[in-house]
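A quick write-up on the structure given underneath.
The values are calculated or read from the model by the stated rules, or taken from the named source; none is laboratory data. Just so it is clear, the structure is predicted and the values come from calculations on it, not from any experiment. Glycine gets a Cβ as well: all are built from the backbone with ideal geometry, and neighbour counts include every protein chain shown. Heavy atoms of the whole protein, side chains included, go into the accessibility calculation; ligands, DNA and RNA do not. Shrake-Rupley method; radii C 1.70, N 1.55, O 1.52, S 1.80 Å.
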Amino acid sequence: MRLSGAHVLLTGATGTIGSRLATELAARGARLTLVARTAPDLTALAAPLGAHALPADLTDTDRLPDLLAAAEDHHGPVDVLVHNAAAESAALLTDVRDGEVARTVALNLVAPLELTRLVLPSMLRRGHGHVVAVSSLAAVATFPGLTLYGATKAGLSAAMAGLRLELRGTGIGTTTVELGPVASPMMERIATEPTSAAAFGRARSLGVLPLLDPDDVATAVAEAVDADRRHLTLPRRAAPLAAMSQAPRSVVRLALTGLRPAHHEAARA
Ligand SMILES: NC(=O)c1ccc[n+]([C@@H]2O[C@H](COP(=O)([O-])OP(=O)(O)OC[C@H]3O[C@@H](n4cnc5c(N)ncnc54)[C@H](OP(=O)(O)O)[C@@H]3O)[C@@H](O)[C@H]2O)c1
């Protein structure tokens, strides 16, 4: 999906990866709607990028239709939807606080599914669009201390695989991004949980999970969307791991080659 001139709605825009991604997307000529809860941070990021700041709590899923309407009032229909907001909940499941399961699932999984469901009818009518999910290698190989987070990311990656099949032939693309650890406050918070910290320490000593630079991540994500790539795994040395987890999905995709989902006909009508 060509980013130049496209209206991109980016969630989690003020975070470590989101803020870099916003800057990268703006540099590629995208018209941006940026979403996060903290209005001053959002405004400070949006102003120099000429972006539209839309403060919102994505766990308030009943308000997502209003959020989308406000984005479209300002910049017109959304061409690219980027699900980047998430919370990591670094704790053994027994230590997760009351209410945190529901909040984490709402932010990491319910909100992306709802926003995608809401944005698709307009994309289908126009016959173009792109949905991007920033998922995690925790979707395919969860470490202890990330049980809740990994469950939401596995759900997100699975949803994107299903969506891609549903959208064949419609002109709407998807990109699933599965990231290893990025140099960020999120990783610093994960390192406060001793079991997670030990597991990441072991992975790092084996050389399989080097810390990613958030600027490199942002560049790679923007390139992947521009090139309409369906999958991006970083670090690239983890790609075989992700490919193994993708094998059943690839088999289904091949088995369904030639079958047209209902959307295809709707998009042509
Ligand atoms: N960092 C890593 O090592 C790593 C590794 C693999 C995958 N990832 C994925 O990469 C993405 C970005 O990670 P990150 O490290 O950049 O995260 P981050 O720095 O913690 O940023 C999170 C962003 O989401 C927003 N946010 C949080 N709760 C929200 C809510 N309820 N409603 C709306 N916005 C909310 C935050 O702003 P407010 O607090 O102001 O709302 C912030 O903009 C996430 O999907 C994460 O799972 C990260």
Considering each residue of the stretch 30-43, count those that are among the small types (Gly, Ala, Ser) and assigned to a helix (DSSP H, G or I), and give that number. 1
If a residue has to be open to solvent by 70 Å² or more (accessible area, probe 1.4 Å) and free of Cβ contacts under 8 Å to residues at least 24 places away in the same chain to count, how many in the stretch 213-243 make the cut? 4
Among the residues of the stretch 162-204, which ones are among the hydrophobic types (A, V, I, L, M, F, W, C), modelled with pLDDT of 95 or more and more than 12 Å from the ligand (Cβ to nearest atom)? Leu163, Leu167, Ile172
Keeping to the stretch 205-230, report how many residues are more than 14 Å from the ligand (Cβ to nearest atom), over 25 Å from Ala27 (Cα atoms) and not aliphatic (A, V, I, L, M). 2
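Within the stretch 58-78, does at least one residue satisfy the condition of being in a loop (DSSP other than H, G, I, E, B), away from the ligand (no atom under 14 Å from the Cβ), open to solvent by less than 40 Å² (accessible area, probe 1.4 Å) and within 21 Å of Ala26 (Cβ to Cβ)?
yes
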Out of Gly150, Gly99, Gly169, Gly155, sole residue that is touching a residue at least 24 places away in the same chain (Cβ under 8 Å) and either within 29 Å of Arg63 (Cβ to Cβ) or crowded, with 16+ Cβ neighbours inside 10 Å (or both): Gly155
Would you please list the contacts, defined by Cβ atoms under 8 Å and residues six or more apart or on different chains, that run from a residue in the stretch 10-26 that is free of Cβ contacts under 8 Å to residues at least 40 places away in the same chain and closer than 18 Å to Thr175 by Cβ to a residue that is open to solvent by 10 Å² or more (accessible area, probe 1.4 Å) and more than 6 Å from the ligand (Cβ to nearest atom)? Ala22/Leu45; Ala22/Leu49; Ala22/Ala51
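Looking only at the stretch 181-204, decide whether some residue is among the β-branched types (Val, Ile, Thr) and buried (at least 16 other Cβ atoms within 10 Å of the Cβ).
yes
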What are the residues in the stretch 44-57 that are part of a loop (DSSP other than H, G, I, E, B) and either open to solvent by 30 Å² or more (accessible area, probe 1.4 Å) or touching an Asp or Glu at 6+ places or on another chain (Cβ under 9 Å) (or both), if any? Gly50, Ala56, Asp57
Residue tally, condition over 24 Å from Val182 (Cα atoms) and more than 19 Å from the chain's Cα centre (by Cα), over the stretch 78-94: 1
Within the stretch 130-139, identify whether any single residue is free of Cβ contacts under 8 Å to residues at least 12 places away in the same chain, closer than 26 Å to Ala13 by Cβ and within 14 Å of the ligand (Cβ to nearest atom), and answer yes or no. no
Among the residues of the stretch 21-43, how many are open to solvent by 30 Å² or more (accessible area, probe 1.4 Å) and within 14 Å of the chain's Cα centre (by Cα)? 0
Looking only at the stretch 80-92, count how many residues are surrounded by fewer than 24 Cβ atoms within 10 Å (Cβ to Cβ) and more than 14 Å from the ligand (Cβ to nearest atom). 2
